Amino acid sequence: MDVKSVAVPASASASAPLDIDVEVTVEGCNSFKRFEANRTVSRLTLRALGTRTLNVPCPAYIGWEHHIYTDPGSPTRTGPFEVIVNGTPWGTVRVH
């Protein structure tokens with residue numbers, strides 16, 4: 001899925017839940033399904049995955065949807081905590 005924007009908080013606690021707002025592009029027969037996450041103490045790597053409806057006419061629609069991924073805070077984060085979505089770095093979070 002294409003990612004239009006990602007909102008990363010400026011700072012967060014080392015172990016509190018952390019919400020990452022990812023805006024994905026949806027179009028025609030493509031829709032958001034889920035996030036695939038890989039996490040270390042200093043980096044969160046997300047991949048936005050979608051589904052495609054087959055064998056039906058697809059409307060010529062292009063839009064965007066916001067989806068929240070909540071990192072649980074375990075293992076405890078260290079700073080700077082980097083957020084990467086679909087291979088692109090979108091920011092770092094100061095850990096306190």
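The values are calculated or read from the model by the stated rules, or taken from the named source; none is laboratory data. Note that the coordinates shown come from a computational prediction; the quantities given were computed from them, not determined experimentally. Cβ atoms come from the backbone with ideal geometry, glycine included; neighbour counts cover every protein chain shown. Keep in mind that these areas ignore ligands, DNA and RNA; they rest on the heavy atoms of the full protein, side chains included. Shrake-Rupley method; radii C 1.70, N 1.55, O 1.52, S 1.80 Å.
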Original post:
When only residues in region 19-74 that are in a strand (DSSP E or B) and touching a residue at least 60 places away in the same chain (Cβ under 8 Å) count, which is surrounded by the fewest Cβ atoms within 10 Å (Cβ to Cβ)?
Top reply: Trp64
Subject >> Any chance Asp2 is at pLDDT below 95, open to solvent by 30 Å² or more (accessible area, probe 1.4 Å) and in contact with a strand residue (DSSP E or B) (Cβ under 9 Å, 6 or more places away or on another chain) >> reply: yes
Subject >> Glu82 vs. criteria among the acidic types (Asp, Glu) and over 16 Å from Pro17 (Cα atoms) >> reply: no
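Restricting the search to region 6-18, which residues are closer than 15 Å to Thr78 by Cα, part of a loop (DSSP other than H, G, I, E, B) and aliphatic (A, V, I, L, M)?
Hits for region 6-18 are Ala10, Ala14, Ala16.
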Subject >> Residues of region 79-88 satisfying the condition of being in contact with a strand residue (DSSP E or B) (Cβ under 6 Å, 6 or more places away or on another chain) and loosely packed, with under 15 Cβ neighbours inside 10 Å >> reply: Pro80
**OP:** Of the conditions (1) over 20 Å from Glu65 (Cβ atoms); (2) β-branched (Val, Ile, Thr); (3) touching a Phe, Trp or Tyr at 6+ places or on another chain (Cβ under 8 Å), Thr45 clears all except one; give me its number.
**Re:** (3)
